[in-house]
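First up is the structure itself, then whatever we jot down about it.
The values are calculated or read from the model by the stated rules, or taken from the named source; none is laboratory data. Quick caveat: nothing in here was measured; it's all calculated off a predicted structure. Cβ coordinates were reconstructed from backbone atoms using ideal geometry, including for glycine residues, and neighbour counts include every protein chain displayed.
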Amino acid sequence: MLVLLKKGAGETVASDVAGRLRMAGFSVHRTDHDGQVRIGAVGDGAGVEWDEVRRWPGVESVARIPVPFKLASRAFHPHDTVITVGRCAIGSDQLALMAGPCSVEGEEQVFRIAAAVAEAGATVMRGGAYKPRTSPYSFQGLGEEGLRLLRRAADAHDLAVVSEVMDTQQVELVARYADVLQVGARNMQNYSLLREVGHSTKPVLLKRGLAATIEEWLMSAEHVISHGNAQVILCERGIRTFETYTRNTLDLNAIPVVKELSHLPVIVDPSHGTGLRDKVAPMARAAIAAGADGLIIEVHHDPDHALSDGVQSLWPEQYAGLVQQIATIAAVLGRRL
Ligand code: PEP
Ligand code: MN
């Protein structure tokens, strides 16, 4: 339930209402907007008559949150959530540009790519050190050494770092090196992992599952937030359909749908969304035009020899050209890089 207090109800009233709901067994989440306190009471409380709560001092209204995800919903939190990552305020008028290789492969590779994406205008560097590969015989990532290299390369160019965490036991380690913890599509419904990143103080990049509905995706965000971490960045990366000309079908519908349902920022990954280098730029432009808060794009200086996802990786010059186009589209929408 959502308990809205009267404007200017005051701190004593707010903590009293929150305390009473907590005592009744609810998990209580408070947001303050424009001088008005909203208290979300989530879970199974006992012995609370909502008609009575409506008459508590300072209470303006009590309403049901009309969706199964509560903390992720716009009803609970009407204003956009803005998550600061390095030099970027994700979810604000500034677009988040994240770029880098699919996998960290070695020192020379990450340093070259970091220089190129920073020069092009990216503010966050991506790179996997723990890779969820379909085949057990494919390159599985460099592990901690990869994270160390990624961090050094990013620091050398004033970039923040996003990297995937594949299981609960890696969360602390990845959080030591990365600014954002990526939960991959294959792990979107790994609830133990969602709990663990929910206990972290680092923002989480939550990719949409290969066959997940938007509601299931937002329920996964709800898991993370309900464990204490409200810094969730959603990432649309394409879903499985019957179509075979592209690796996945990038669901651009998801952007306006999520924007209406949730206050969380949503970015788009046109690299995995298409799986094809020449399809990345058109879909990246479309994503920004549709209202996405940013892009995460695979870039490699030698994609023909990349150890993973070379066929969908942009050449650095292509990425730089794309960023220029994105800047033009952003200006039309009153946004900026
Ligand atoms: C990746 O970002 O390299 C990746 C494996 O993405 P996804 O989880 O979306 O497949
Ligand atoms: Mn990849």
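Structural remarks
- Of all residues making up segment 105-116, the number that are out of contact with any Lys or Arg (no Cβ under 9 Å at 6 or more places or on another chain) and within 16 Å of ligand 2 (Cβ to nearest atom): 3
- Among residues of segment 1-19 that are closer than 9 Å to Q36 by Cα, those with a beta-carbon under 8 Å from a residue that is modelled with pLDDT under 95 and among the charged types (D, E, K, R) at least six positions away or on a different chain give the pairs L4/R38; L5/R38; K7/D34.
- Only listed residue being surrounded by fewer than 20 Cβ atoms within 10 Å (Cβ to Cβ) and either out of contact with any Gly (no Cβ under 9 Å at 6 or more places or on another chain) or modelled with pLDDT under 95 (or both), chosen from R176, R186: R176
- Note on segment 22-36: among residues that are not basic (K, R) and not in a strand (DSSP E or B), the one that is surrounded by the most Cβ atoms within 10 Å (Cβ to Cβ) is F26.
- Among the residues of segment 98-144, those identified as away from ligand 1 (no atom under 14 Å from the Cβ), of a type in the set (D, E, K, R) and either more than 27 Å from D293 (Cβ to Cβ) or within 21 Å of the chain's Cα centre (by Cα) (or both) are E107, E108, R112, E144.
- Number of the condition not met by C235 [criteria: (1) touching a residue at least 40 places away in the same chain (Cβ under 8 Å); (2) crowded, with 16+ Cβ neighbours inside 10 Å; (3) more than 16 Å from ligand 2 (Cβ to nearest atom); (4) not small (G, A, S)]: (3)
- Among the residues examined, E317 does not qualify as under 22 Å from D93 (Cα atoms), acidic (D, E) and more than 13 Å from ligand 2 (Cβ to nearest atom).
- Conditions (1) under 21 Å from L264 (Cβ atoms); (2) without any contact (Cβ under 8 Å) to a residue 40 or more places away in the chain: number failed by D167: (1)
- Selection within segment 80-96 - touching a Pro at 6+ places or on another chain (Cβ under 6 Å) and part of a loop (DSSP other than H, G, I, E, B): G91
- Matching option when the condition is touching a residue at least 24 places away in the same chain (Cβ under 8 Å), in a loop (DSSP other than H, G, I, E, B) and of a type in the set (A, V, I, L, M, F, W, C), among I39, I65: I65
- Lone unmet requirement of (1) of a type outside the set (A, V, I, L, M); (2) outside any strand (DSSP E or B); (3) surrounded by fewer than 18 Cβ atoms within 10 Å (Cβ to Cβ) for H77: (3)
- Restricting segment 161-173 to residues that are surrounded by fewer than 23 Cβ atoms within 10 Å (Cβ to Cβ) and not β-branched (V, I, T), the residue that is nearest to ligand 2 (Cβ to nearest atom): M166
- Applying a threshold of 8 Å to beta carbon distances and a minimum spacing of six or more residues, or different chains, the list of pairs starting in segment 322-336 at a residue that is over 14 Å from A292 (Cα atoms) and ending at one that is modelled with pLDDT under 95 and in a helix (DSSP H, G or I) is empty.
- If the condition is being assigned to a helix (DSSP H, G or I), over 17 Å from V268 (Cα atoms) and either within 14 Å of the chain's Cα centre (by Cα) or within 15 Å of ligand 1 (Cβ to nearest atom) (or both), then segment 187-215 contributes N187, L193, L194, V197, G198.
- Each residue in segment 37-58 was checked for being among the small types (G, A, S), under 33 Å from the mean Cα position of the chain (by Cα) and surrounded by fewer than 15 Cβ atoms within 10 Å (Cβ to Cβ), and 1 pass.
- Within segment 272-291, the set of residues being in contact (Cβ under 8 Å) with a residue 60 or more places away in the chain and either within 25 Å of Y137 (Cβ to Cβ) or small (G, A, S) (or both) comprises just one member, H272.
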